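Data first, discussion second: the structure below is written as structure tokens.
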Amino acid sequence: MLNILIIGVGGFIGRNAFQYFSRHNYSVIGCDVIKNIYLNDPRYIYLGETQSDFEPLFIENNFDVCINASGSAHVGFSFEDPAKDFELNVLNVNKILVAIRKHAPKCRFINFSSAAVYGNPTQLPIAEDITLKPLSPYGFHKLQSEHLLTEYHKFFGLHTCNLRVFSAFGPELKKQLFWDLYQKTKIPGPIELFGTGEESRDFIYIEDLLQVVELVIKNAKFEGDVINVASGHETTIREAATLFYNEFNSEIQFSFSGKVKVGDPNNWCADIKKLREIGFVARYSLANGLKKYVTWLKENALD
């Protein structure tokens, strides 16, 4: 049985990863800077909110795999406070790598990066080796964290892998497109969305994303690899919003403002050749994933 450390279990991906690997009979420890998110669960470790020290985790435990799902994942915040975003997405990754190098050099390290490193690509689908042109401090910081994993593999022999996540969604997600669509249903009057509707994204349901992580653990080389994590299907925002509202309430009408948010790319669709090489086959379509997400929203009557 593999021993897995998941850093950032208070967030969307980290929380789902903690549940997924626990269900699949791995030995899992989770940690975060949030107090009391797993009350009375001995598998949860609270980290200090400032100057998080990862070294005791690796001194006191013998981990086979470390998954980093921590950090900020908000483009807008990276413009408001780039220094804090740098700390969360770059400096903390360096601290984790230092701890692994000192105390667990055989531990495989998976870092969640982002498709934000691509910016506006000149061609689709997007392969991992195209020129990277981030549009935000967040994108630059994710790219810098990737470079750290490459550095620690090349010079110190650590086993590292970066996962460039595109548009992940599913239960527990309380931000980004589908959460925003849900929140707008609570405001009286017409629903207006940013953009033209012709912008596109590559959506992947959380269970498929976690299947990817498990396949990476089993089959990836961990030689500073970079792997796109997506479905390989391009969907316009208009199509995605239509699917969501048809599932949530088919009577809802919406329009687009034509205004674009700073840092948002136009069109994304991933080349997932590397995913297929490690055995990935998607289990959820966007429509099926949205059924589960809407069910979760309705069952929890979230604000």
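Remark: segment 12-21, residue by residue, has Karplus-estimated 3J(HN,Hα) of 4, 5, x, 5, 5, 5, 4, 5, 4, 6 Hz, where x stands for each Gly or Pro and the curve is 6.51 cos²θ - 1.76 cosθ + 1.60 at θ = phi - 60°.
Of the listed pairs K102/K133; K106/K273; K142/K274; K35/K142, which have alpha-carbon separations greater than 23 Å here? Table pairs above 23 Å Cα-Cα are K102/K133; K106/K273; K35/K142. Once you have a ≥ b ≥ c as the square roots of the Cα gyration tensor eigenvalues for segment 28-183, tell me rounded if a/c is under 1.5, and otherwise prolate or oblate according to whether a/b is larger than b/c. It comes out oblate by the Cα gyration axes.
For segment 164-170, 3J(HN,Hα) computed residue by residue from phi via the Karplus equation (6.51, -1.76, 1.60; θ = phi - 60°) reads 8, 7, 8, 9, 7, 8, x Hz, glycine and proline entered as x. For the chain, modelled as a GNM whose springs connect Cα atoms under 10 angstrom apart, the maximal fluctuation among A287, A116, A270 occurs at A287. The peptide list 2-13, 140-151, put in order of mean Cβ contacts within 10 Å with the highest first, becomes 2-13, 140-151.
Please find the FRET efficiency linking K298 to K102, where r is the Cβ-Cβ separation and R0 is fixed at 45 Å, and quote it to the nearest 0.05. Spell out each step's value before the answer.
Details: r = 48 Å, r/R0 = 1.06.
Step by step, r from the Cβ atoms, then E = 0.40.
What FRET efficiency do you get for Q176 and I59 if R0 is 30 Å and r is their Cβ-Cβ distance, rounded to the nearest 0.05?
Working: r = 36 Å, r/R0 = 1.21.
That gives a FRET efficiency of 0.25.
At most 11 other Cβ atoms within 10 Å and a DSSP loop assignment: could you name the trypsin sites (Lys or Arg not before Pro) in segment 179-222 that fit? Don't skip to the answer; put the middle values down first.
Values: sites: K184, K186, R201, K218, K221; in loops: K186, K221.
Those satisfying the criteria are K186, K221.
Remark: the Cα gyration tensor places segment 248-290 in the oblate category, a/c being 1.5 or greater and a/b not exceeding b/c. Among beta bridges identified by DSSP and lying wholly in the chain, the antiparallel ones come to about 5 percent. Here the simple spin-label model places points 7 Å from the Cα toward Cβ, and for K154 and E239 these points are separated by 3.8 nm.
Rule-based calculations on the coordinates, nothing more; no lab input. Keep in mind that this is a model prediction, so the values were computed, not measured. With ideal geometry, Cβ positions are generated from the backbone for all residues, glycine too; neighbour counts draw on all protein chains shown.
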